[in-house]
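Below you'll find the structure, written out as structure tokens, and then a few comments.
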Amino acid sequence: MTVAAVDPMHYFPYRPRPHQDDAVRFTSEVYSSRTVGLLSADCGVGKTVAVLSGYLAARASDPSSRLVVLTRTHSQSDVFESELGVLRSKQDTGSASLTATSLVSRIHTCPIRDTMDSLSSAGFLRACSIAIKSGRCIHYWNLYASTPEGRIHLPPKSREVVEATLRNGVVTRALAEETANENVFCPYELMRCCARQSRVIIGPYSYMFKTRVRNALLSSLDFQLSDIDLLIDESHNLAHHVLDAESATLSGKDVAWLRENRTPLAKETGVKWLDEAVDFLWETIMLGMDQLQTGGEKRLERWEAVPRYIERADLERLIVSSGVVDDLDVAVHTETPIDRLVEYLYTGLLASQSEEWHITLESKKSWTEGAPVEDVNLVVRPLNAAGLCAPVLRGVRAAVLMSGTLRPVVHYARLLGVPGSSALDLSSPYPRGSRLVLIDREVETTYRKRSPEMWRLIAQRISAALTTMPSEKTALIAFPSYQVMDEVLSFGIDTGHRVRIVEDRTYRIEDLREDIERRPSAVFLVYGGKFSEGVDLVSGGRSMVDLIIGVGIPFTPPTDYQLALQGFYEARFGAGAGYYYSAVVPSLRSVAQLVGRLRRSPEDWGVVMLLDRRFLKHLDVFGPDFAGDVWLYNGIDEAMEAMAVYLQNRVQEAGLR
């Protein structure tokens with residue numbers, strides 16, 4: 001076994017919380033051994049600073065090493081930026097040389113985006129490319145210079161600005177935009193320049209797990225895959241993200257437009273078979289629309305959905321020619337019908353060479369006979385997440401995947417194609433008795449059990465919990481779908497002294513945080529939505545939530561793709577495994593993510609009420625500490641009695657302290 005260059009705790013800047021030192025040592029060992037490690041640790045352990053400290057210890061003798069940190073959203077990079085700043089400030093370790101850059105896309109940072117939109121109907125990125133090539137973008141050309149031979153380089157003044165920016169240690173989006181504004185530079189290009197010289201680079205999953213984006217990133221930074229270490233946050237999302245990222249969609253509206261313009265497009269691109277391919281796809285859609293099943297989907301054979309005569313070399317050339325700026329944005333954005341056609345054909349070509357893909361014609365809304373072609377999509381999706389993840393995880397120097405809900409760890413190792421990898425599942429750092437989990441033995445929200453009477457019973461239980469629990473903090477009430485939420489709310493719910501907030505597609509996360517900071521609220525939301533996973537509801541290091549109610553289990557509807565995924569896992573992992581891997585664990589994971597918001601510090605406490613007896617069959621997904629907090633009940637009176645006893649015990653404990 002390879003050991004760390006220094007004591008694994010050498011870089012750790014705080015007094016360790018319970019189990020935090022275990023996380024540091026585990027991470028250091030994984031990076032030192034150049035392997036893959038899966039770390040499951042509840043929120044509150046302090047995983048971020050632990051894994052960063054372990055990485056620094058493992059690579060202490062290699063200051064030129066590069067770490068790529070992947071987060072699900074840009075907002076989740078904030079905690080990494082903060083902890084990297086703390087680690088850098090630890091003077092006695094020599095970590096002052098630690099530098100990091102968060103990469104944010106060009107389209108989100110462009111200072112003249114509003115004017116760029118009017119330059120071209122083909123989209124922002126093409127307009128950006130035109131502005132750069134024509135010399136009209138002063139922000140780009142103030143940063144760069146061009147030699148007589150046309151080679152782009154950084155002049156001395158720009159190099160000085162980059163070096164001065166890096167001396168801040170952590171180059172955030174805000175810092176890059178501020179510095180770029182002062183010098184009239186392009187913020188995105190400034191971040192790219194800083195990233196090339198940074199030891200840590202922070203970005204979204206797609207930077208490593210979307211093939212074209214990964215290739216663009218490595219080329220842009222002049223790295224090889226084997227040169228970098230990888231750290232993946234919230235990695236319970238990884239398999240789903242990879243399957244989604246490598247999918248391709250072409251709408252009927254796109255094909256209609258392409259059909260009208262197929263002759264000039266074929267002439268412009270020089271691809272002789274392009275107009276024939278568009279006609280082929282149009283015919284596929286027309287025939288498929290006549291055969292769409294109830295629910296609006298039809299599985300297609302590969303020969304029905306992908307022309308046999310397309311040539312990969314032509315597609316590669318089209319990708320370059322339809323691309324806009326020679327960087328990550330080319331791989332990330334598909335702005336026009338021709339972009340989406342190329343993406344679809346490229347993905348379809350991969351699908352035509354393997355059984356591990358699924359192709360459907362799907363309606364975008366409730367399907368009715370005679371609906372317009374604009375209402376359908378051609379969709380190509382992969383089935384094998386392991387086949388897409390494992391080459392990256394095994395190809396990098398070393399990788400650590402972490403999450404508060406990476407359970408069962410063995411499940412994720414198999415799902416991602418890294419069985420036998422190192423794993424650590426840490427116990428909860430929170431005091432016993434700081435959480436009561438109530439599970440209802442009478443309610444079941446399966447489709448066959450749903451009825452107005454069931455919705456009424458659920459509404460009564462929610463009202464009882466909200467009025468029994470003191471309104472000192474906010475309550476989160478989650479549902480499997482907006483439809484179920486509307487059904488239950490229609491029976492009226494007493495929120496007590498909490499303000500009622502209902503999630504919808506227009507309500508912003510920032511507004512939610514402001515509202516619950518102002519006063520305790522009862523927030524009605526859906527599992528897996530922006531309110532349940534998209535925001536950290538913490539103030540002063542403590543959770544702003546003390547009551548969580550989960551209505552039912554958010555099982556994915558049995559679409560044709562979902563059934564195909566189930567069949568794939570059944571064949572891969574054995575009889576009975578298909579439904580577990582494709583439906584049970586992803587659904588329970590959404591609930592576990594929500595439950596994790598209850599406690600964010602050792603001082604937090606509260607109640608979780610799960611309104612579906614099926615939770616009893618799947619307690620293992622929540623971890624070994626969860627079952628010890630469970631109290632089963634029948635009826636409202638029994639539930640409220642349990643809650644009252646728990647609250648009384650909390651009062652007594654507070655008095656003893």
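The numbers here are math on the coordinates, done by the rules we state, and not lab data. These numbers come from a predicted model, not from an experiment. Every residue, glycine among them, receives a Cβ derived from its backbone with ideal geometry; neighbour counts consider all protein chains shown.
Rounded to the nearest 0.05, the FRET efficiency derived from the C-beta distance between Arg500 and Arg394 at R0 = 56 Å is 0.65.
May I ask you to list the trypsin sites (Lys or Arg not before Pro) in the stretch 163-203 that are in a DSSP loop and have at most 15 other Cβ atoms within 10 Å of their Cβ?
Qualifying residues, ordered by number: Arg167.
Summary of packing: across the peptides 238-248, 221-231, 605-615, the per-residue average of other C-beta atoms within 10 Å ranks them, highest first, as 605-615, 238-248, 221-231.
Once Rg and the Kirkwood radius are both taken over the C-alpha atoms of the chain, their ratio Rg/Rh works out to 0.98. Peptide packing for 465-477, 418-430 was compared via the average number of neighbouring C-beta atoms within 10 Å per residue; ordered from the highest value, the list is 465-477, 418-430.
A quarter of the convex hull surface defined by the alpha-carbon atoms of the stretch 17-94 gives 5.7 nm² as the mean projection.
What's the ranking of 138-147, 98-107 by average number of surrounding C-beta atoms within 10 Å, highest first?
98-107, 138-147
For the stretch 608-657, the convex hull spanned by the alpha carbon atoms encloses 83 Å³ per residue.
Plugging the Kirkwood radius over Cα pairs into Stokes-Einstein for the stretch 183-298, at a temperature of 25 °C and a viscosity of 0.890 mPa s, what D comes out in µm²/s?
Details: Rh = 18.4 Å.
Estimated via Stokes-Einstein, D reaches 133 µm²/s.
Comparing Ile310, Gly203, Leu611 along the charge dipole axis of the chain, the residue lying farthest to the positive side is Gly203, per the Cβ-charge model. The stretch 1-80 and the stretch 386-443 have Cα centres spaced 16 Å apart. Treating each Cα of the stretch 456-570 as one equal point scatterer and applying the Debye formula with no solvent, the log10 of I(q)/I(0) at q = 0.12, 0.13, 0.23 Å⁻¹ comes out as -0.47, -0.54, -1.33. How large is the Kirkwood hydrodynamic radius of the stretch 416-467, counting all unique pairs of alpha carbons, in Å? Mean inverse Cα-Cα distance, inverted, gives 15.4 Å.
Over the C-alpha atoms of the stretch 514-598, the Rg to Rh ratio, Rh being the Kirkwood estimate, stands at 1.13.
Each Lys and Arg contributes +1 and each Asp and Glu -1, all at the Cβ; summed about the Cα centre of the chain, the dipole is approximately 1020 debye.
Please state the charge dipole magnitude for the stretch 267-314, taken about the Cα centre, from unit charges on C-beta atoms (+1 on K and R, -1 on D and E), reported in debye and rounded to the nearest 20.
Once rounded to the nearest 20, the dipole reads 180 debye.
Other residues lying with their Cβ under 15 Å from the Cβ of Val410 contribute a combined charge of +2, Lys and Arg counting +1, Asp and Glu -1. Mean sequence separation of contacting Cα pairs (under 8 Å, at least six apart), scaled by the length of the chain, corresponds to a relative contact order of 16 percent. For the stretch 435-656, what log10 I(q)/I(0) values come out of the Debye formula at q = 0.10, 0.12, 0.13, 0.17 1/Å, with one point per alpha carbon and no solvent? The computed values of log10 I(q)/I(0) come out as -0.45, -0.65, -0.76, -1.27.
Counting only DSSP beta bridges with both residues in the chain, tell me the antiparallel percent, nearest 5. Antiparallel: roughly 25 percent of the beta bridges in the chain.
Candidate cross-link partners of Lys617 among the lysines, defined by an alpha-carbon separation under 23 Å and a same-chain spacing of 8 or more, comprise Lys449.
Here the Kirkwood formula puts the hydrodynamic radius of the stretch 106-237 at 16.2 Å, using every distinct Cα pair.
When each full DSSP H helix of the chain is screened for a Cα extent of at least 18 Å along its own axis and an average Kyte-Doolittle hydropathy of at least -0.5, the helices passing are 274-289, 337-351, 452-468, 560-573, 635-656.
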